[in-house]
Amino acid sequence: MVPFLWPIKMGDFKPVMVGNYTIADRPSDVSIRYIVIHATELSYADTIARFQSPHHVSAHTVIRGADGQQTGMVTPDNVAWHAGNWDMNCRSLGIEQEAYVDDAASFTGPMMAALVDQILTWSVQYHISLDRAHILGHDNVAAPSREAAKQMHRDPGWQFDWAQLFRQLGVSAEPSAPVNSGQALKITSRYVNLFQQPSVTSEVIGQTTDSLSYRASYGQEFVCVAQHGDWLAIDFNGQQAWLNRKDAVGVQRPILTVDQEPVNLYGSTQPDAAAIGELQSGEQYVISDTLTGLKASDTTGHLSAVETNDVFQQIWYGHRIGYVKISKSN
């Protein structure tokens, strides 16, 4: 068992209520692959109280907005119930910020500094990649099923500054490079609206009442599938979507191209997971990770987990990640 580390600024530890998390021995039983960032939509005190009450939710740590004070609530070896996706819970650490999705001022400097300290500590300890494919927002987590999609959360939202986070993490910006068709690109703006046609007068691709359906955010990576003047097209949520060239740079990444037959998209690597979508012939996506399937369950409050023979490739499918199965268990 690897000893867990809190940053120097950690205030105290207030354990969540039994029944709000799963006892485990990570990373011995399951490797920790992701950090998921949340916004509480509650005060610091109310969030801690909620996790210590029978609400069946928790996070590993909570950060106060005013001064960056932290309260640890679930040790990293255990599985917190924070992501709305059991597979992601098993593979991740959850950080709650005392912030509100629609209030830019609630994402404070002291809280960002504490967030950076915590991410750096855990990234070193658990070998978590410092990129947007592994440092996720709750709004980037895939729905585990089609039925669960409407219940998935939308925090930390568009007011959270991903570019600033990665600057403070010490992750260098990608050098400016041209984008070519058939090549990967990385979003460099805080967020970009995506259009049906290569024009700002065009309609956005999704529903105007649901910004997750027509926006990409800083650090997400896609494949340029067409160009028109200053405009680039990508596959996003199964649609061709246009963004301005100034909002992206070219990067070298492996690419998944769907052949003639449609391919299932999954929100979980569990062996009983149902597909949440279908990729169509000719669509292209950046492969941001390759991982082994996981068969995991909570047995009387304790984690039981084994790797399967399934192999998945992780992609950005719209604003959320997803998984494509490239080999199956015998």
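Between a residue in the stretch 299-318 that is closer than 24 Å to G206 by Cβ and any residue that is of a type in the set (D, E) and assigned to a strand (DSSP E or B), which pairs come within a Cβ distance under 6 Å, given they are 6 or more apart or on different chains?
The qualifying pairs are Q314/D289.
Just to be sure before I move on: is V192 buried (at least 20 other Cβ atoms within 10 Å of the Cβ), among the aliphatic types (A, V, I, L, M), under 18 Å from the mean Cα position of the chain (by Cα) and on the phi < 0 side of the Ramachandran plot in the structure I sent? So that I can check it myself, show each step before the final result.
Numbers: buried (at least 20 other Cβ atoms within 10 Å of the Cβ): yes; among the aliphatic types (A, V, I, L, M): yes; under 18 Å from the mean Cα position of the chain (by Cα): yes; on the phi < 0 side of the Ramachandran plot: yes.
Yes: the conditions hold for V192.
Please verify whether the stretch 55-73 includes one or more residues that are in a helix (DSSP H, G or I), closer than 21 Å to I119 by Cβ and open to solvent by 10 Å² or more (accessible area, probe 1.4 Å).
Narrowing the stretch 55-73 to residues in a helix (DSSP H, G or I): none.
Scanning the stretch 55-73 turns up no residue that is in a helix (DSSP H, G or I), closer than 21 Å to I119 by Cβ and open to solvent by 10 Å² or more (accessible area, probe 1.4 Å).
Give the number of residues within the stretch 279-295 that are assigned to a strand (DSSP E or B) and without any contact (Cβ under 8 Å) to a residue 24 or more places away in the chain.
Kept after step one, since they are assigned to a strand (DSSP E or B), are these residues of the stretch 279-295: 279, 284-286, 289-295.
Those still in the list that are without any contact (Cβ under 8 Å) to a residue 24 or more places away in the chain too: 292.
Residues flagged as assigned to a strand (DSSP E or B) and without any contact (Cβ under 8 Å) to a residue 24 or more places away in the chain within the stretch 279-295 amount to 1.
Here's a check for you: in the stretch 258-278, which residue that is β-branched (V, I, T) and not in a strand (DSSP E or B) is nearest to the chain's Cα centre (by Cα)? Break it down into steps so the answer makes sense when it comes.
Here is the first cut: in the stretch 258-278, the residues β-branched (V, I, T) are 258, 263, 269, 276.
With the extra rule that they be not in a strand (DSSP E or B), the set shrinks to 258, 269.
Values: V258: 23, T269: 15 Å.
This residue is T269.
Being over 17 Å from the mean Cα position of the chain (by Cα), closer than 22 Å to H319 by Cβ and either buried (at least 19 other Cβ atoms within 10 Å of the Cβ) or of a type in the set (K, R) (or both) is the requirement here; does F51 meet it? I'd like the intermediate steps shown before the answer.
Working: over 17 Å from the mean Cα position of the chain (by Cα): yes; closer than 22 Å to H319 by Cβ: no; either buried (at least 19 other Cβ atoms within 10 Å of the Cβ) or of a type in the set (K, R) (or both): yes.
So F51 does not fit the description; no.
Working only within the stretch 226-264, note down all residues that are crowded, with 17+ Cβ neighbours inside 10 Å, closer than 14 Å to K186 by Cα and of a type in the set (A, V, I, L, M).
L232, A233, I234, L243, A248, V249
Residue pairs, Cβ under 9 Å, 6 or more apart or interchain, first in the stretch 37-59 and among the β-branched types (V, I, T), second part of a helix (DSSP H, G or I) and loosely packed, with under 14 Cβ neighbours inside 10 Å. List them.
Matching pairs, first to second residue: T40/D46.
Take the stretch 214-225 and flag every residue that is open to solvent by less than 20 Å² (accessible area, probe 1.4 Å) and either among the small types (G, A, S) or farther than 10 Å from L185 by Cβ (or both). First the steps, then the outcome.
In the first step, residues of the stretch 214-225 are kept if they are open to solvent by less than 20 Å² (accessible area, probe 1.4 Å); the result is 216-217, 219-220, 222-224.
A216, S217, G219, listed by residue number.
The values are calculated or read from the model by the stated rules, or taken from the named source; none is laboratory data. Quantities reported herein were computed from a predicted structural model and do not represent experimental measurements. Note that each Cβ is placed from the backbone with ideal geometry, even for glycine, and that neighbours are counted across all protein chains shown. The protein model used for the area step is the full one, side chains on, heavy atoms only, and it has no ligands, DNA or RNA in it. Shrake-Rupley method; radii C 1.70, N 1.55, O 1.52, S 1.80 Å.
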